[in-house]
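Enquirer: Can you keep this structure in mind? I'll have questions shortly.
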Amino acid sequence: MSLIEVSSLSRTYVLGENKIHALSDISLMISEGEFVSIMGPSGSGKSTFMNIIGCLDKPTQGFYHLKGTDVGSLSRDELAVIRNKRIGFVFQGFNLLPRTSAIENVELPLLYNGVTSKQRREKALAALEIVGLTDRKDHHLNQLSGGQQQRLAIARAVVNDASIIMADEPTGNLDTKTSKEIMMLFEKLNSQGITIILVTHEADIAQYGRRLIRFLDGEIISDEKTGD
């Protein structure tokens, strides 16, 4: 069974009297443990696709099955549970809380799961260790570099033992050296069995994936294996 399967997926937005076809008749499958890079120019549909498979948006037409579950049939609360327990998100802008410490930022997703404060602290420390930030656990964002903030965002993404990480332009605000460090961290997580789905417009970043899907004008124009 595929981890992710979409069939005839379309997404249309209505702006005034205009219809914008962000996605048109997309069909594909992603298996557990894959590292998939998604490329395309602005407006190509890649972020819309990421939002749908990340259960942040719903398609106008078509079907999306996540590990056999018809996502389109789920309630808003059920979608929230999937986002919180199965999927970790990493964004270009980090999306961290500036007035809380590093470890409190990582603990945040656990607050919605009824996890005790002791368990939250233990899991957050383990996640910080994975990304090499244990010694920065009490620092606030203004005390962390951009690369450290993105590592922190990745720790938050994995703290709930998510099986899928969806990263939307995760190196967009980082220099070349730091970007490489972040991508090596994604490679490490993928080697541990986590499925990585990465949206990027940078060809050198896309090369870290082992499969490359290219979007243009809401359609898939190529889908190829790029590594072992």
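The values are calculated or read from the model by the stated rules, or taken from the named source; none is laboratory data. Just so it is clear, the structure is predicted and the values come from calculations on it, not from any experiment. Reconstructed Cβ throughout: ideal geometry from the backbone, glycine too, with neighbour counts over all protein chains shown.
Enquirer: What are the residue pairs meeting all of these: first residue in segment 210-223, first residue β-branched (Val, Ile, Thr), second residue modelled with pLDDT of 95 or more and surrounded by fewer than 18 Cβ atoms within 10 Å (Cβ to Cβ), Cβ atoms under 6 Å, and 6 or more apart or on different chains?
Expert: Sorted first by the residue in segment 210-223, then by its partner, the pairs are Ile213/Asp223.
Enquirer: Which is within 19 Å of the chain's Cα centre (by Cα) and either within 19 Å of Ala206 (Cα to Cα) or not β-branched (Val, Ile, Thr) (or both), of Arg99, Arg83?
Expert: After applying the criteria, what remains is Arg83.
Enquirer: Scan segment 80-120 residue by residue and report those that are farther than 21 Å from Leu189 by Cα and charged (D, E, K, R).
Expert: Arg99, Glu104, Lys118
Enquirer: Here's another thing I want to ask about it. List the strands (runs of 3 or more DSSP E) inside segment 1-45, counting only whole elements, that have at least 3 residues being among the aromatic types (Phe, Trp, Tyr) and closer than 24 Å to Arg86 by Cβ.
Expert: Of the strands (runs of 3 or more DSSP E) lying wholly inside segment 1-45, none has at least 3 residues that are among the aromatic types (Phe, Trp, Tyr) and closer than 24 Å to Arg86 by Cβ.
Enquirer: Determine if segment 72-79 includes at least one residue that is within 18 Å of Ala157 (Cβ to Cβ) and of a type in the set (Asp, Glu).
Expert: There is no residue in segment 72-79 that is within 18 Å of Ala157 (Cβ to Cβ) and of a type in the set (Asp, Glu).
Enquirer: Select from segment 141-187 the residues that are of a type in the set (D, E, K, R), in contact (Cβ under 8 Å) with a residue 40 or more places away in the chain and not in a loop (DSSP other than H, G, I, E, B) and list them in ascending order.
Expert: Arg156, Asp168, Glu187 - these are the residues of segment 141-187 that are of a type in the set (D, E, K, R), in contact (Cβ under 8 Å) with a residue 40 or more places away in the chain and not in a loop (DSSP other than H, G, I, E, B).
Enquirer: Specify which of the listed residues (Glu107, Glu169, Glu122) is under 20 Å from Thr200 (Cβ atoms) and at pLDDT 90 or above.
Expert: Glu169
Enquirer: Follow-up question, since we're still on this one. I'm trying to understand the selection: among the residues of segment 43-73, which are within 19 Å of Phe89 (Cα to Cα) and of a type in the set (D, E, K, R)?
Expert: Lys46, Asp57, Lys58, Lys67
Enquirer: Next up: Asp138 passes all but one of (1) among the charged types (D, E, K, R); (2) farther than 20 Å from Asn190 by Cα; (3) assigned to a helix (DSSP H, G or I); which number fails?
Expert: For Asp138, the failing item is (3).
Enquirer: Next question. Being modelled with pLDDT under 90 and either on the phi < 0 side of the Ramachandran plot or crowded, with 18+ Cβ neighbours inside 10 Å (or both) narrows it down to one of Arg11, Arg76, so name that one.
Expert: Arg76
Enquirer: Determine whether segment 18-29 contains at least one residue that is within 18 Å of the chain's Cα centre (by Cα) and free of Cβ contacts under 8 Å to residues at least 40 places away in the same chain.
Expert: yes
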